[in-house]
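Just below is one structure, and these are the notes that go with it.
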Amino acid sequence: MPISEATRALIYDRCYVGGEWVASDSNESFAVTNPADGSEIAQVPAFGSAETERAIQAAHDALPAWRQKTAAERATILKKWHALVMEKQQELGELMTLEQGKPVAEAKGEIAYAASYIEWFAEEARRVYGETIPGLQTSQRIIVTREPVGVCVAITPWNFPAAMITRKVAPALAVGCTIVVKPASETPLTALALAALAAEAGVPAGVFSVVTGSAKAIGKVFTESELVRKLSFTGSTAIGSLLMEACAPSVKRVSLELGGNAPFLVFDDADIEAAVQGVMDSKFRNAGQTCVCANRIYVQKGVYADFVEKLTKKVEALKVGNGFDEGVVIGPLISESAVEKVEEHIADALAHGGRIVCGGSRHELGGTWFTPTVIADGTQKMLCTREETFGPVAPIIAFDTEEQGIEFANATEFGLAAYFYSRDLGRVRRVSEGIEAGMIGINTGLISNATAPFGGIKASGLGREGARQGIDEYSEFKYLCIDS
Ligand code: ADP
């Protein structure tokens, strides 16, 4: 794959710790590969416990000076970081496509989305307000201030190599916390490039470090360290639950963005064309590998046949290929095991009465490409109604009444995103109140943006990212009771 010189210049093969680019103590490293062809892009350090402890120590040492800066000073540095990321949007996008596979246009979109969190929290940095409360006695004043939580750590996944970093790091820095990030081993290069740009913007040494290597070893140090006050994690529910348990002995704060299993409901009264487009937007972004992707599509009986036909036409038109090729909208899946999971879900759907309308198998390109798939005649017995498929498969299940639609939507342990299409105002109110989810898209398939609180309920997690609520996650409230 031809990589431009400017993109190559953003590839770092060292971790960024305490303001320096460092190798692992043993000099061991691991390969970062291109999911499109398996070729090696770079080697990054395989950090163990000792190196991770030093990164945390650096964050601890950098904390006093960083938290004492004025909000305006922190905001100015964050704004500079935002500007540098946007200046390098093309190069960072190409780097992301190299290590993650998503088409360049989509990767550039993620860079803008990632940068929007930095901009938003640069603005919010100036509004980390406290409050005063009338006292119980004449002589008493009650004042509530916010202070930074302290040293934070974050563990992030491979599906959004840039945005999952900035929406944790930017609010942490805005409030005055310092942070050490361990990106997914599949996609550490985007994270390291973001750290380099943060340093260029003036983020002081130790305030934001990136460590790469064994998730288990690094995760253990993160959760056991007495210096760390908070852990923020985005990934699977199984690992999130383990990390929460590991944080319990030292009572660290945790924010968890975990698995989803988003239902997408289309009611009889919906604008069908718009609903079809909504599914395309929500289901096929990143080849179906996002935690807010529609995982189960429920269509009311009156419009079912029409909907399946219209959706299938659009799905058949999706261009599959290398993310660097013109017009490609579906890149390779991240790994062979991701493809195997998709195949398992399809086989299970067929065993439970599902019917393949289009796709259904690996793509002729080979590798980890998968043909976008529509499965009709689905039932609630199918595995894909209970588990995230994380691939380009759209299972469609018919439902009868509004109550049944809500019942199907809620028949899951997860509660991240949900979507529904209806033009009936009463129904919009009833269904949005009836569905158990942290975020609901109503007549839209696109809900993520920096100004809104992103997060889930039930097994989908704790806490919110983005919006003003994102600031709360990195703040401690201190209550002062003043009497004279
Ligand atoms: P995904 O299926 O999205 O890869 P994971 O939960 O497996 O979800 O991974 C998300 C992040 O968690 C990655 O950075 C991964 O390296 C990290 N991770 C995986 N296992 C552990 C663990 N035992 N402790 C800490 N982090 C882990």
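The values are calculated or read from the model by the stated rules, or taken from the named source; none is laboratory data. All figures in this text were calculated on a predicted structure; none of them were measured in a lab. Note that we place each Cβ from the backbone using ideal geometry, even for glycine, and neighbour counts take in every protein chain shown. The protein model used for the area step is the full one, side chains on, heavy atoms only, and it has no ligands, DNA or RNA in it. Shrake-Rupley method; radii C 1.70, N 1.55, O 1.52, S 1.80 Å.
Of the DSSP beta bridges with both residues in the chain, give the percent that are antiparallel, rounding to the nearest 5.
Details: 30 of 70 bridges.
DSSP beta bridges in the chain are roughly 45 percent antiparallel.
Normalise the Cα radius of gyration of the range 135-187 by 2.2 N^0.38 Å (N = residues in it) and let me know the number.
1.78
Given a 1.4 Å probe, how much area per residue of the range 68-190 is accessible, in Å²?
Normalised by residue count, the accessible surface of the range 68-190 is 33 Å².
With every protein chain present, what is the per residue accessible area of the range 296-387 (1.4 Å probe, Å²)?
Dividing the accessible area of the range 296-387 by its residue count gives 44 Å².
Limiting things to C-alpha atoms, what are the Rg and the maximum Cα-Cα separation (Dmax) for the range 90-172, in angstroms?
Expressed in Å, the Cα Rg and Dmax of the range 90-172 come to 19.5, 65.
Over the Cα atoms of the range 342-484, what is the Rg over Rh ratio if Rh follows Kirkwood? Display every interim value, and only then the final one.
Numbers: Rg = 19.9 Å, Rh = 17.9 Å.
Dividing the radius of gyration by the Kirkwood radius yields 1.11.
If packing is taken as the average number of other Cβ atoms within 10 Å across a peptide's residues, how do 261-268, 296-303 rank, most packed first?
Highest mean packing first, the order is 261-268, 296-303.
Taking Cα pairs under 8 Å and at least six residues apart, what relative contact order does the chain come out at, in percent?
Numbers: 1135 pairs, mean separation 85.6, N = 484.
Normalised by residue count, the contact order of the chain is 18 percent.
Can you give the Rg to Rh ratio of the range 205-308, both from alpha-carbon atoms, with Rh computed by the Kirkwood formula? Write down the numbers at each step before the final one.
Numbers: Rg = 20.2 Å, Rh = 16.9 Å.
Reported Rg/Rh, Kirkwood definition of Rh: 1.20.
Can you pull the one-decimal nm distance between simple spin-label points at R423 and K478, each 7 Å off the Cα toward Cβ?
5.6 nm
Counting each pair of different Cα atoms once, what's the Kirkwood radius of the chain in Å, rounded to one decimal?
Taking the inverse mean of 1/r over all distinct Cα pairs, the chain comes out at 23.3 Å.
Provide the descending list of Cα extents for the range 323-416 along its principal axes, expressed in whole angstroms.
45, 27, 25
From Cα pairs below 8 angstrom and at least 6 apart in sequence, can you work out the relative contact order of the range 356-484, rounded to a whole percent?
15 percent
Along the positive direction of the dipole of the chain (beta-carbon charges: Lys, Arg +1; Asp, Glu -1; about the Cα centre), which of V22, M382, C152 reaches farthest?
Of the options given, the answer is C152.
Taking the Cβ-Cβ separation of K301 and E87 as r and a Förster radius of 41 Å, what is the calculated FRET efficiency to the nearest 0.05? Please report the intermediate quantities before stating the final value.
Values: r = 52 Å, r/R0 = 1.27.
Approximately 0.20, to the nearest 0.05.
Quick check for you: with a 1.4 Å probe and neighbouring chains kept, what is the accessible area per residue of the range 233-274, in Å²?
37 Å²
Roughly how many percent of the accessible protein surface of the range 314-388 is carbon and sulfur, given a 1.4 Å probe and a whole-percent answer?
Percent of accessible area from carbon and sulfur atoms in the range 314-388: 50.
How large is the Kirkwood hydrodynamic radius of the range 1-52, in angstrom, based on all distinct alpha carbon pairs?
12.4 Å
Rg (Å, one decimal) plus Dmax (Å, integer) for the alpha carbons of the range 237-357?
Reported Rg and Dmax, both Å: 18.0, 56.
How much of the calculated P(r) for the range 37-139 lies past 20 Å, in percent of all Cα pairs?
Percent of Cα pairs beyond 20 Å in the range 37-139: 64.
Taking the Cβ-Cβ separation of A215 and S337 as r and a Förster radius of 22 Å, what is the calculated FRET efficiency to the nearest 0.05? Could you put the intermediate results ahead of the total?
Numbers: r = 15 Å, r/R0 = 0.70.
Step by step, r from the Cβ atoms, then E = 0.90.
Mind ordering 318-325, 454-461 by average Cβ neighbours within 10 Å, highest first?
454-461, 318-325
Can you order the peptides 107-118, 48-59 by their average number of other Cβ atoms within 10 Å per residue, highest first? Present the calculation step by step, with values, prior to reporting the outcome.
Details: 107-118: 23.3, 48-59: 20.2.
Ranking, from highest mean packing down: 107-118, 48-59.
Over the Cα atoms of the range 438-484, what is the Rg over Rh ratio if Rh follows Kirkwood?
Rounded to two decimals, Rg/Rh equals 1.21.
To the nearest 0.05, how large is the calculated FRET efficiency for D61 and S4 if R₀ is 35 Å and r is the Cβ-Cβ distance?
0.40
Can you give the Rg and Dmax of the range 185-234 based on its C-alpha atoms, in angstrom?
12.3, 32
Does the range 296-344 classify as rounded, prolate or oblate by the C-alpha gyration tensor (a ≥ b ≥ c root eigenvalues; a/c under 1.5 gives rounded; else a/b over b/c gives prolate, otherwise oblate)?
The shape class here is oblate.
Simple spin-label model, 7 Å along Cα-to-Cβ: T33 to R386 in nm?
3.2 nm
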